[in-house]
Amino acid sequence: MTIPTLPLSDGYTIPQIGLGTASLNDEQIAPVIVSAIEAGYRHIDTAFRYKNQRGVGKGIRDSGIARQEVFVTTKLDGEFQGNDRAIAGLDECLRQLDLDYVDLLLIHWPLPQRDEYVSTWKTFETLADSGKVRSIGVSNFKPAHLDRLLAETTIRPVANQIQLNPRITRSDQHAYDQAHDIVTVAWSPLGQGKGLLDEPTLQTLAATYGKTPAQVVLRWLTGLGIVAIPRSSNPERLRQNIDIFDFTLTAAEMDAISALDTGAEKRVDSDTSGH
Ligand SMILES: NC(=O)c1ccc[n+]([C@@H]2O[C@H](COP(=O)([O-])OP(=O)(O)OC[C@H]3O[C@@H](n4cnc5c(N)ncnc54)[C@H](OP(=O)(O)O)[C@@H]3O)[C@@H](O)[C@H]2O)c1
């Protein structure tokens, strides 16, 4: 199973499906990573906040895959914003992962009330030259936050990881990202497996294509040019979530899924508000 990649603005590429790891601890995540890599995953999403980077690193090593074959994202949350704290934050992530570099380092939340995301980004820019990280990006940034980064700093974020699924389509943010050559990465792409997958539109399309509602959602996301990072600790669903490139939704079907939008995005404006 080969997963397509998208180009990043700095010349690297990112696999369009990655494995989400939130809520799984070190012991739980390590064998999941091994199964995922065996199934064909080449992209893992973690964060300092998930307290599972040791397990993620162990899983990568246990899988036997060469380091350069797998794209690893981690994120630094509020405790690493301002005053060059991101330098120590990245070192700690690498220590926990037991890796020499990460492929993508993200500011986990803008935390605009603290007004430190611009200075934190300037620190990220120095890290991009350090050999410890390839690409730098952001998460949960809105157009106003990105406008400031683009106006006040030098390197453009390659990606913006945001909550995005058929009920929360974020079409304005995705359009902004596309217009600025920023790849949109969807977190909770399956709506955390709750309710969304029961939508009749998704059930009907799943029956049409002999797929599951989750596969239809992931095909919709990838069809829109978005990267998705579904989490599963179930080997069968892990396989299912990357087995999505043998069918194509029509434009009308894509629109019907987008029409499920309720706009009810989760607030992630404080350091305790999300994954
Ligand atoms: N940047 C941020 O602020 C932020 C915030 C939230 C999440 N994230 C990242 O995004 C990742 C994904 O989001 P998420 O973990 O919140 O939720 P998600 O991927 O939308 O949903 C995960 C849930 O869906 C179930 N599931 C997975 N595949 C399925 C399938 N094929 N059919 C039915 N159910 C399925 C899983 O159960 P099983 O394990 O039993 O399969 C799990 O309970 C996270 O793990 C994390 O890496 C980032």
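The values are calculated or read from the model by the stated rules, or taken from the named source; none is laboratory data. None of the values given here were measured: they were computed from a predicted structure. Cβ: placed from backbone, ideal geometry, glycine included. Neighbour counts: every protein chain shown. For accessibility, only protein heavy atoms count, side chains too; no ligands or nucleic acids. Shrake-Rupley method; radii C 1.70, N 1.55, O 1.52, S 1.80 Å.
Helix 85-97 and the longest principal axis of the Cα set of the chain meet at an angle near 60°. The residues MET1, MET254, sorted by heavy-atom accessible surface at 1.4 Å with ligands and nucleic acids left out, run MET1, MET254 from largest to smallest. Per-residue ellipticity at 222 nm, computed for the chain from helices alone with -39500 (n - 2.57) per DSSP H run of at least four residues, works out to -11000 deg cm²/dmol. Taking the chain as the reference, fit the longest principal axis to its C-alpha atoms, fit the long axis of helix 200-209 to the helix C-alpha atoms, and give the angle between the two in degrees, 0 to 90, nearest 10. Between the helix axis and the principal axis of the chain, the angle is about 70 degrees. Got a number for the accessible area of TYR101? Probe 1.4 Å, square angstrom, nearest 10. The value for TYR101 is about 30 Å². Report the charge-dipole magnitude of the chain in Debye, nearest 20, computed about the Cα centre from +1 at each Lys and Arg Cβ and -1 at each Asp and Glu Cβ. In debye, rounded to 20, the chain gives about 380.
Filter LYS58/LYS122; LYS51/LYS194; LYS132/LYS194 down to the pairs with a C-alpha to C-alpha distance above 28 Å, please.
LYS58/LYS122; LYS132/LYS194
Stretching the chain fully between GLN113 and ALA264 yields a gain of 52.2 nm (0.36 nm per residue, less the alpha carbon separation).
The alpha carbon centroids of region 132-168 and region 1-29 are separated by 17 Å.
Think of region 28-122 as having a plus end and a minus end, set by charges on the Cβ of Lys, Arg, Asp and Glu; of ALA88, PRO31, ILE44, PRO31 sits farthest toward the positive end of this dipole.
Once backbone amide H atoms are built at 1.01 Å from N, LEU19 has HIS43, ILE44, ASP45 as its partners under 5 Å, excluding neighbours fewer than 5 places away on the same chain. Of the residues ASN83, ASN165, ASN25, the one that moves most in a GNM of the chain with alpha-carbon contacts below 10 Å is ASN83. The alpha carbon convex hull volume per residue for region 1-149 rounds to 106 Å³. Taking all protein chains together and a 1.4 Å probe, the residues HIS108, HIS180 rank HIS180, HIS108 from largest to smallest accessible area. Averaging 1/r across all pairs of distinct Cα atoms in the chain and inverting the result yields a Kirkwood radius of 18.7 Å. Accessible surface ranking for LEU99, LEU202, 1.4 angstrom probe, highest first: LEU99, LEU202. Expressed as an acute angle from 0 to 90° and rounded to the nearest 10, what is the orientation of the C-alpha long axis of helix 53-63 relative to the principal long axis of the chain? So the helix axis and the longest Cα principal axis differ by about 60 degrees. Cα-based radius of gyration for region 154-275, normalised by 2.2 N^0.38 Å, reads 1.06.
Please calculate how many Å² of accessible area the chain carries per residue, with a 1.4 Å probe and no DNA, RNA or ligand atoms counted.
Each residue of the chain exposes 41 Å² on average to a 1.4 Å probe.
Counting only residues at least eight positions apart within a chain, or on another chain, the aspartates and glutamates with an alpha carbon under 17 Å from that of LYS211 are ASP198, GLU199, GLU236, ASP243, ASP246, GLU253.
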